[in-house]
Amino acid sequence: MGFVNRAKLGLAKIGGAAAMVEIGRQVWPMLRPAVERGRDNAAAWRTARAHAGRVLDGSYLDVFVAGVKHWVVWSADEPVAAYPAIDGDLDEAVRTVDLERRRRPGNRRSARARPGSRSTPAVRGDHW
């Protein structure tokens, strides 16, 4: 942010941390909805993962219904619940979903299993 832009925002006379606080105060109303969506999605994922771990042959999968992301819990091949809840019939909402993409609660992909990640860690052994 150049001096001209800071002058337009009234930040030319304050510096450092005070300027960052002022910028954050001005930007937060625009960022807040995205932060809340991310927080809500993370809470729904944790709930679905915990639920899938407690049902027989449980798994979970993210499904978009009417443009909104939902985490659906499955027991074998039957949908059990969705987080957040889906208005209407759950079976109809997930009819066309690829069931091969489901995840098991105990199977978390490590950094080595992800495409494009290094096959070995950057630092080995006790380095501290």
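Please count how many residues of the stretch 27-72 are under 14 Å from Arg103 (Cα atoms), aliphatic (A, V, I, L, M) and part of a helix (DSSP H, G or I). Residues meeting the conditions: 3.
Across the stretch 1-45, the number of residues qualifying as closer than 30 Å to Pro84 by Cβ and either modelled with pLDDT under 85 or of a type in the set (Asp, Glu) (or both) comes to 2.
From the list Val73, Val68, exactly one residue is at pLDDT 95 or above, under 18 Å from the mean Cα position of the chain (by Cα) and among the β-branched types (Val, Ile, Thr). Which is it?
Values: Val68 fails: at pLDDT 95 or above.
Sole residue among the options that is at pLDDT 95 or above, under 18 Å from the mean Cα position of the chain (by Cα) and among the β-branched types (Val, Ile, Thr): Val73.
Among what's in the stretch 44-61 and is surrounded by fewer than 17 Cβ atoms within 10 Å (Cβ to Cβ) and touching a residue at least 12 places away in the same chain (Cβ under 8 Å), pick the residue that is nearest to the chain's Cα centre (by Cα).
Trp45
Among the residues making up the stretch 73-94, those that are in contact with a strand residue (DSSP E or B) (Cβ under 8 Å, 6 or more places away or on another chain) and either in a strand (DSSP E or B) or closer than 14 Å to Gly53 by Cα (or both) are Val73, Trp74, Ser75, Pro79, Val80, Ala81, Ala82, Tyr83. The residue of the stretch 95-109 that is modelled with the lowest pLDDT, among those that are in a loop (DSSP other than H, G, I, E, B) and within 19 Å of Arg46 (Cβ to Cβ), is Arg109.
The values are calculated or read from the model by the stated rules, or taken from the named source; none is laboratory data. Small disclaimer: the values here were computed from a predicted structure and weren't measured. Every residue, glycine among them, receives a Cβ derived from its backbone with ideal geometry; neighbour counts consider all protein chains shown.
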